[in-house]
Every structure is written in structure tokens, then in C-alpha cells.
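Each remark here refers to the structure printed beneath this line.
The values are calculated or read from the model by the stated rules, or taken from the named source; none is laboratory data. Just so it is clear, the structure is predicted and the values come from calculations on it, not from any experiment. Because the Cβ atoms are built from the backbone with ideal geometry, glycine has one as well, and the counts that use them run over all protein chains shown.
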Amino acid sequence: MFVNWALGELNLKIVYYGPALSGKTTNLQYIHAKTPAHMRGRLISLKTQQERTLLFDFLQLEMGKINNLKPKFKLYTVPGQVYYAASRRLILQGTDGIVFVADSQAGRMAENQESWFTMEQHLVELGHDVRTFPIIVQFNKRDLPHVVPTELLRRPFANRQCFEASATRGVGVFDTLKAAMNTVVARVRQHA
Ligand SMILES: Nc1nc2c(ncn2[C@@H]2O[C@H](COP(=O)(O)OP(=O)(O)OP(=O)(O)O)[C@@H](O)[C@H]2O)c(=O)[nH]1
Ligand SMILES: [Mg+2]
């Protein structure tokens, strides 16, 4: 969180984290496409020629007022491919909350787990308490065949908010985002 008192701005950072191809960039693309232009900036995507995230995607959203401050939500995605670990760690710095985008397909469970554990490691290294850090979980790609039942996917996340989604169709994208924003704002209020 960063408060610019001169401009009356509250800057909040939310990072979309998760394994390669889980749909992090697609979430931001949908949010960008469906948010009125006066409430959002440009979607900046640093990507490879194959449309894979190289460094990050970035989108800024402006909402109503909180305690007389204008909140600006800075949404980032990390690159999911395994060899970009250093970039993921860097992008997590200074984040106020995380949306963990898991791939619901049965063949992707090991990648989800690996990604979650390295995210936890990064958070610990950055000095956060993983148990209380705002992390919203999204089970994406629910439209595909051979997805793991949501009840099973939820099990390890007993005390976290989880959402089903199909980011390409826009299902669950804003529910996930709103939950992340609310959690982050609630935490800022707690610490204010
Ligand atoms: N069927 C289906 N395809 C999806 C969904 N979400 C994303 N995809 C597709 O999955 C592929 C990868 O999506 P991205 O959003 O680029 O994934 P990413 O997590 O940003 O991938 P990295 O940048 O490599 O980490 C694209 O072809 C998307 O169209 C979904 O909900 N359902
Ligand atoms: Mg991406």
C-alpha cells in the first residue's frame, strides 16, 4: 500500500499468481474489456511472440472513495512458466493481496501445487504471514472437460475464499476481483 497524500490517492497492489497457462492474463483482459474506460488505464502486456507473459501484465483501476482517499488498484500478473521464478518474486514485492489462479484440469494438479508452494516461499521471504495474507483462490477453466470437482479442489483451502471461473467466457472473473479488492481494503482499514 502507498498513500500519496498530496494527490489524495491510495495505491493498492493485487497480483494474479499461478502456474503457466492457468488464465491469469485472460482474467486481466476480460476486466479491461468490461470496465468503463474512465475507470481503467491501458492494459500493458509484456509478452513473448507466443502470447505468453514474459514479465507481467499491468492494469490500473480507479474506484469510489475510501476515507476521502481515491483508491487505485494496480493489478499485475506474473509469468507462470517455471524459469521465470525471479520475476515472480520481484512482482510479489509490495503486494497487498493475491489472486491465485489455479487450472481446474485434472492433469494440472502438480503444477498448481508447485506454484502455490513457491508462492508461499516467496511470501515468507518477503516477511509476510501466509496464514493471514489476503489470498483469493480461483479455480479457472471450469468450461473444459476433465476438470477436478470443485469440492476436491477446495479442500486444502478451508479458510480461504474460492471462486469457480471460466476466464475466457468471463464467468467468475469479477466475483474473484471484487473479493480480492474487498479483502485488501478491509485489511488496510484494519491497519489504518
Ligand atoms: N477453455 C478455457 N481456456 C482458457 C480459460 N482461461 C484461459 N484460457 C486459455 O488458456 C490459455 C492461456 O491463458 P493465459 O491467460 O495466457 O494464461 P497465463 O496464466 O497468463 O499464462 P502465462 O502467462 O504463461 O503464465 C489461452 O489460450 C487462453 O485462451 C478458461 O477459463 N477456459
Ligand atoms: Mg500470462
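Annotations for the structure displayed:
- Positions within segment 92-129 being assigned to a loop (DSSP other than H, G, I, E, B) and more than 16 Å from Gly18 (Cβ to Cβ), in sequence order: Gln93, Gly94, Asp96, Leu126, Gly127, His128, Asp129
- Of the criteria (1) more than 26 Å from Leu55 (Cβ to Cβ); (2) out of contact with any strand residue (DSSP E or B) (no Cβ under 6 Å at 6 or more places or on another chain), which one Arg89 fails: (1)
- In segment 84-96, residue farthest from Val130 (Cα to Cα) [restricted to those that are of a type outside the set (Val, Ile, Thr) and more than 13 Å from ligand 1 (Cβ to nearest atom)]: Ala86
- Verdict on Leu12 being more than 19 Å from Ala85 (Cβ to Cβ) and not in a strand (DSSP E or B): no
- The single condition from (1) under 28 Å from Val185 (Cβ atoms); (2) away from ligand 1 (no atom under 14 Å from the Cβ); (3) modelled with pLDDT of 95 or more; (4) polar (S, T, N, Q) that Asn140 fails is (2).
- Filtering segment 66-83 to residues that are among the hydrophobic types (A, V, I, L, M, F, W, C), within 16 Å of ligand 1 (Cβ to nearest atom) and modelled with pLDDT under 95 leaves only Val82.
- Among residues of segment 146-167 that are closer than 15 Å to Val99 by Cα, none has a Cβ under 6 angstrom from a residue that is at pLDDT below 95 at a sequence gap of 6+ or on a separate chain.
- Of the residues making up segment 95-105, at least one is more than 17 Å from Val184 (Cβ to Cβ) and either within 11 Å of ligand 2 (Cβ to nearest atom) or acidic (Asp, Glu) (or both).
- Meets criteria (closer than 20 Å to Arg187 by Cα, buried (at least 18 other Cβ atoms within 10 Å of the Cβ) and modelled with pLDDT of 95 or more) for Leu61: yes
- Scan of segment 97-128 for residues that are charged (D, E, K, R) and either within 16 Å of ligand 1 (Cβ to nearest atom) or touching a residue at least 60 places away in the same chain (Cβ under 8 Å) (or both), ordered by number: Asp103, Arg108, Glu111, Glu114
- Of all residues in segment 13-49 being closer than 24 Å to Arg187 by Cβ and small (Gly, Ala, Ser), the one that is nearest to ligand 2 (Cβ to nearest atom): Gly18
- Hits in segment 46-55 (condition: more than 9 Å from ligand 1 (Cβ to nearest atom) and either in contact (Cβ under 8 Å) with a residue 12 or more places away in the chain or surrounded by 17 or more Cβ atoms within 10 Å (Cβ to Cβ) (or both)): Leu55
- Among residues of segment 24-45 being near ligand 1 (Cβ under 10 Å from one of its atoms) and farther than 25 Å from Val3 by Cβ, the one that is surrounded by the fewest Cβ atoms within 10 Å (Cβ to Cβ) is Ser45.
- Residues located in segment 50-72, provided they are within 16 Å of ligand 2 (Cβ to nearest atom) and not in a loop (DSSP other than H, G, I, E, B): Thr53, Leu54, Leu55, Phe56, Asp57, Phe58, Leu59
- Residue within segment 2-12 that is within 10 Å of ligand 2 (Cβ to nearest atom) and in contact (Cβ under 8 Å) with a residue 12 or more places away in the chain present: no
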